[in-house]
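> Shown below is the structure under consideration.
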Amino acid sequence: MAATTSPERSTRSRSWRWTAVTGVSLLVLVTIHMVAHHFVVDEVGGLRTYQHVLDYISTPIIFVIEGVFLVVVTAHAMLGLRSVLLDFGLSEQRRRLLERGLVGLGVVTVIYGFVLIGVLASRA
Amino acid sequence: MSDTRAPSSERDPGVDEIVRSRRGDGPVSRKLPGPVAWFDLRSRSTGHLAFSLNRITGLGLVGYLYLHLAVLSTLLGGEDSWNGFLELATTPLFLGLDLLLVFGLLVHGLNGTRLSLIGSGYVPNHQKASFWALMAFGAIVLVYTALHIFGGES
């Protein structure tokens, strides 16, 4: 079976592979995140008190897991958004602009997320 | 690579042409151009339904990512700010929205896994069977989650 080897096809395949890899990683990370927040605590809705949240996020292993989760979920979200927006049939120039915009949004999201959990962890 | 198309009886008339132009490893291709087609389920295959659900839940989850960051930002305002949010978050309406979130996660996660495995050629393409089997599993998890969320309410 002959596969198309155009640059666009190659970019789409690479993007799809990263989406799949981050997606599979998220299965594990989301499960940890949801169980830790909502199933191992007794209160309705999961982690409840302010101090409870601070204690949770300041635990080193949890901080690392949540940090990795933040990076992977943001990457997956930006790749997914790119895929959806390309459905609009953008020109090559607009596609490049879109990709730069999504990289920028992803970087800002990750930085903000790390600042947030870093500040909270320092308050514990 | 195995043929990843749905049975001919389930396919859109233009699918063959699209599939021919997109052969090889990679994503399971969309069948019609433009997001408008996601919502058009008339005479569509299970594969199209799965594709549309994946896109719609994906967009919802991206929105939730930023909503979640905004909500967690209330923690920066201190204990009073967080407690104010908690009062709102534990109302039945918000607990229901939690369940909607879990629904989105299950549909997107399970269906995404299925698409990854089919697209990479690790499993044969049985769109209907794999989709409905995973959705049945997801429904069981959703019911368990609902019982956990609302069962603990007091």
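> Would you confirm, using the coordinates I've provided, whether B:Ala133 is open to solvent by 40 Å² or more (accessible area, probe 1.4 Å) and small (Gly, Ala, Ser)?
Judged against the criteria, B:Ala133 is a match.
> Between residues in segment A:88-104 that are away from chain B (no Cβ under 14 Å) and residues that are surrounded by 14 or more Cβ atoms within 10 Å (Cβ to Cβ) and in a helix (DSSP H, G or I), which pairs lie under 6 Å by C-beta distance while being six or more apart or on different chains?
As it stands, the answer is A:Leu98/A:Leu85, since those pairs meet every condition given.
> Among the candidates A:Val110, A:Val71, A:Val84, which residue alone is touching a Lys or Arg at 6+ places or on another chain (Cβ under 8 Å), under 18 Å from B:Tyr64 (Cβ atoms) and assigned to a helix (DSSP H, G or I)?
Result of the check over A:Val110, A:Val71, A:Val84: A:Val84.
> Please find, among B:Leu49, B:Leu115, B:Leu75, the residue that is of a type in the set (A, V, I, L, M) and free of Cβ contacts under 8 Å to residues at least 60 places away in the same chain.
Just one listed residue meets the conditions, B:Leu75.
> Would you mention how many residues in segment B:126-154 are within 14 Å of chain A (Cβ to nearest Cβ) and either more than 14 Å from the chain's Cα centre (by Cα) or of a type in the set (Asp, Glu) (or both)?
So the answer is 12.
> Another question about this same structure. Only one of B:Leu110, B:Leu147 is closer than 23 Å to A:Thr22 by Cα and free of Cβ contacts under 8 Å to residues at least 40 places away in the same chain; which?
B:Leu110
> Just wondering, is there one or more residues in segment B:104-115 that are surrounded by fewer than 16 Cβ atoms within 10 Å (Cβ to Cβ) and either more than 8 Å from chain A (Cβ to nearest Cβ) or at pLDDT 85 or above (or both)?
Within segment B:104-115 (the criterion being surrounded by fewer than 16 Cβ atoms within 10 Å (Cβ to Cβ) and either more than 8 Å from chain A (Cβ to nearest Cβ) or at pLDDT 85 or above (or both)), the answer is no, since none of the residues qualifies.
> Filter segment B:57-78 down to the residues that are touching a Phe, Trp or Tyr at 6+ places or on another chain (Cβ under 8 Å) and surrounded by fewer than 13 Cβ atoms within 10 Å (Cβ to Cβ) and list them by number.
B:Gly78
Yes/no matrix, rows are residues, columns are (1) of a type in the set (Val, Ile, Thr); (2) open to solvent by 30 Å² or more (accessible area, probe 1.4 Å); (3) free of Cβ contacts under 8 Å to residues at least 40 places away in the same chain:
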{"position": "A:Ile61", "(1), (2), (3)": "yes, yes, yes"}
{"position": "A:Gly67", "(1), (2), (3)": "no, no, no"}
{"position": "A:Val71", "(1), (2), (3)": "yes, yes, yes"}
{"position": "A:Thr74", "(1), (2), (3)": "yes, no, yes"}
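> For segment B:46-97, how many residues meet the condition of being within 20 Å of the chain's Cα centre (by Cα), within 7 Å of chain A (Cβ to nearest Cβ), β-branched (Val, Ile, Thr) and over 24 Å from A:Gly113 (Cβ atoms)?
0
> May I ask you to verify whether A:Leu79 is touching a residue at least 60 places away in the same chain (Cβ under 8 Å), closer than 22 Å to A:Arg17 by Cβ and buried (at least 16 other Cβ atoms within 10 Å of the Cβ)?
The answer is yes for A:Leu79.
> For B:Leu100, are the conditions met, namely being within 21 Å of the chain's Cα centre (by Cα), closer than 24 Å to B:Ser52 by Cβ and open to solvent by 30 Å² or more (accessible area, probe 1.4 Å)?
In short, yes.
> Continuing with the same structure: Please go through segment A:27-54 and give me each residue that is more than 7 Å from chain B (Cβ to nearest Cβ), modelled with pLDDT of 85 or more and within 15 Å of the chain's Cα centre (by Cα), ordered by number.
Once the filter is applied, which keeps residues that are more than 7 Å from chain B (Cβ to nearest Cβ), modelled with pLDDT of 85 or more and within 15 Å of the chain's Cα centre (by Cα), segment A:27-54 yields A:Val28, A:Leu29, A:Thr31, A:Ile32.
The values are calculated or read from the model by the stated rules, or taken from the named source; none is laboratory data. Only a predicted model underlies this, so the values are computations on that prediction, with no experimental measurement involved. Note: ideal-geometry Cβ built from the backbone for every residue, glycine included; neighbour counts use all protein chains shown. The area values use the complete protein model at the heavy-atom level, side chains included, leaving out ligands, DNA and RNA. Shrake-Rupley method; radii C 1.70, N 1.55, O 1.52, S 1.80 Å.
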